[in-house]
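J.: Here you go, one structure.
The values are calculated or read from the model by the stated rules, or taken from the named source; none is laboratory data. If you're wondering where the values come from, they're calculated on a predicted model, not measured in any experiment. Positions of Cβ are backbone-derived with ideal geometry, glycine not excepted, and every protein chain shown enters the neighbour counts.
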Amino acid sequence: MTYKKYDMNVGLWPYNIGVTPNGKLAISANNGNSGAADGQVDTVSVIDLEATPPRVIDHVVVGDGPEGFVISPTGKIAVALLVGGGNSAKTAWFYKRNGSVVVLKIDGKKVTKVGEVVLGGLPEGAVFSPDGKYLYVGNFLDGDVSILKVDGTKVTDTGKRLQLPGHPASMRGRGR
């Protein structure tokens, strides 16, 4: 690969990026504060991969501190995990122990925030089941994995947790 001197400015502190299964869009989660919440809103950037050259076509506000990020194997939704201040001092004005998962609907090249579900402490890693019907989110502080049900663009917490002997900081899955 050769660097062709084309840089794309996506946002402050891009932390994770995903590409839709059809290869038409990429979305970057822009953390804004080098891996920590800071009380300010942050964004995801929508990148049109079909354009020549590829370019950012939108920014969507998701909330404070998107760290984990993943696109469903169906390509219909993506999720950004907000750390919620769980890795900040408890005296910080923006501190919240528990984080959340923000649900983003993908419709063609339009990405819209359509929901948010509060999870455990410091959610960092996420992975969809191969069929896209479940989302698993690792809660670092709690040492467990939240199991969420996906129905179209609606994501709900099943209330079930998979206890782990350690602290999940990242997760990886594979598509169909």
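J.: State whether the residues of region 48-63 include one that is closer than 22 Å to Met171 by Cα, in contact with a Pro (Cβ under 8 Å, 6 or more places away or on another chain) and assigned to a strand (DSSP E or B).
T.: Taking every residue of region 48-63 in turn, none turns out to be closer than 22 Å to Met171 by Cα, in contact with a Pro (Cβ under 8 Å, 6 or more places away or on another chain) and assigned to a strand (DSSP E or B).
J.: Out of the residues in region 26-38 that are of a type outside the set (Gly, Ala, Ser) and touching a strand residue (DSSP E or B) at 6+ places or on another chain (Cβ under 6 Å), state the one that is farthest from Gly84 (Cα to Cα).
T.: The selected residue is Ile27.
J.: With the condition kept exactly as written, say whether any residue in region 6-14 is within 18 Å of the chain's Cα centre (by Cα) and acidic (Asp, Glu).
T.: no
J.: Find the residue count for region 112-139, including only residues that are buried (at least 23 other Cβ atoms within 10 Å of the Cβ) and farther than 19 Å from Ala169 by Cα.
T.: Total meeting the criteria: 0.
J.: Return the pair list, or none, for Cβ contacts closer than 6 Å from residues in region 83-108 that are modelled with pLDDT of 90 or more to residues that are hydroxyl-bearing (Ser, Thr, Tyr) and surrounded by 18 or more Cβ atoms within 10 Å (Cβ to Cβ), at least 6 apart or on different chains.
T.: Partner pairs satisfying both residue conditions: Tyr95/Ser88.
J.: I need the strands (runs of 3 or more DSSP E) fully contained in region 109-175, keeping only those with at least 3 residues that are aliphatic (A, V, I, L, M) and more than 30 Å from Glu50 (Cα to Cα).
T.: Filter on region 109-175 gives 110-121, 144-151.
J.: Being in contact (Cβ under 8 Å) with a residue 24 or more places away in the chain and exposed (fewer than 14 other Cβ atoms within 10 Å of the Cβ) is the filter here; which residues of region 13-34 pass it?
T.: Asn22, Gly23
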